Amino acid sequence: MEKTNKTKSQKIKRKKLQRDFFNQPTLKVAQELLGKYIVRKIGSRILTGKIVETEAYIGPRDKASHAFGGKVTARNKAEYLEGGHCYIYLVYGMYWQFNVTTEREGKPECVLIRALEPIIENQKSVSKDSSDKERRNLAGGPGKLCRWLKLDKSFYGEDLTKSERLWLEDRGETIKKSQIVKAKRIGIDYAREWKEKPWRFYIKGNKFVSRY
DNA sequence: TCTACGATTTACT
DNA sequence: GTAAATCGTAGAA
């Protein structure tokens, strides 16, 4: 009888994030998402990554937001959904960007997920060096993490509190305020003074962050 | 319709 | 450090 190996995974707290988590101020959600987990189910396979970097976009006042000025377009309408939905779009003709909506319906605010620390099990045969390098390449950037998790337009508007293929979990980790770095957002030079807002957040010292 | 360009990544000088 | 890849969409006409 296998009584010693009751796998410690059974002890890990796994609470799927619900509506009330997302229906909060965007800057708060962006910071609280650090240390949470993304779970992606592809057939029988499950990919998991810890969120280590985010950015907040707060339309209509934020010039960097696609919903600046309160405009609604075919691309950005998912931003107006209530918290916990997926806003995904293509940039530079080749990379998907995965965002989670926040706040109530009608408020076009969201959090861009910029980097994940991939959780890979069974890596006994791989040397630590090469596996670290490979893991950093998987999801160390908003385009790369979508490539890894196979996220595309089919997730547009998906409700992450109900989806069977993509959701977020709290696994009992808390990132202290002192461990959260606040920085300028990336790739939005067109946004005038809004590009200076310290609305990019990442876990201090984490190796999987996209850029320092 | 037509045109310009981007919430990035990668390769190369 | 600079530039190319690559295409759906926003905004103009």
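FYI, it's all coordinate maths here, none of it is from the lab. Remember, predicted model here, so these are calculated numbers, not experimental data. Cβ sites come from the backbone with ideal geometry, for glycine too, and all protein chains shown count toward neighbours.
Name the residues of segment A:21-40 whose amide N is less than 20 Å from a point 7 angstrom out from the Cα of A:K182 along the C-beta direction?
Residues A:24-36 fall inside that zone.
Could you work out Rg/(2.2 N^0.38 Å) for segment A:11-77, with Rg from alpha carbons only?
The reported ratio for this selection is 1.41.
Pop out the Kirkwood hydrodynamic radius of chain A from its pairwise C-alpha distances, inverse of mean 1/r, in Å to one decimal.
About 17.7 Å for chain A.
Using 0.36 nm per residue, how much length does the chain from A:R61 to A:N137 gain when fully extended, once their Cα-Cα distance is taken away?
Between A:R61 and A:N137, full extension yields an extra 24.0 nm.
Among the listed pairs A:K162/A:K204; A:K177/A:K197; A:K41/A:K207; A:K16/A:K177, which have their C-alpha atoms separated by more than 27 angstrom in this model?
A:K162/A:K204
Can you pull the one-decimal nm distance between simple spin-label points at A:K15 and A:Y156, each 7 Å off the Cα toward Cβ?
About 3.5 nm, to one decimal.
Just A:W199, A:W148, A:W96 to compare: in a GNM of chain A, with alpha carbon springs under 10 Å, which one fluctuates most?
Among A:W199, A:W148, A:W96, the largest GNM mean-square fluctuation belongs to A:W148.
Can you list the lysines whose alpha carbon is less than 17 Å from that of A:K13, not counting same-chain residues fewer than 8 positions off?
A:K36, A:K50
So, counting K/R as plus one and D/E as minus one, what does the shell of residues with Cβ under 15 Å around A:D62 add up to?
+3
In whole percent, what relative contact order does chain A give with Cα contacts below 8 Å and a gap of six or more residues?
Computed value for chain A: 27 percent relative contact order.
Which angle from 0 to 90°, rounded to the nearest 10, does the C-alpha axis of helix A:128-139 make with the longest principal axis of chain A?
30 degrees
Setting aside same-chain residues fewer than 8 positions from A:K182, which aspartates and glutamates have a Cα under 20 Å from its Cα?
A:E32, A:E53, A:E55, A:D62, A:E109, A:E117, A:E173, A:E193, A:E196
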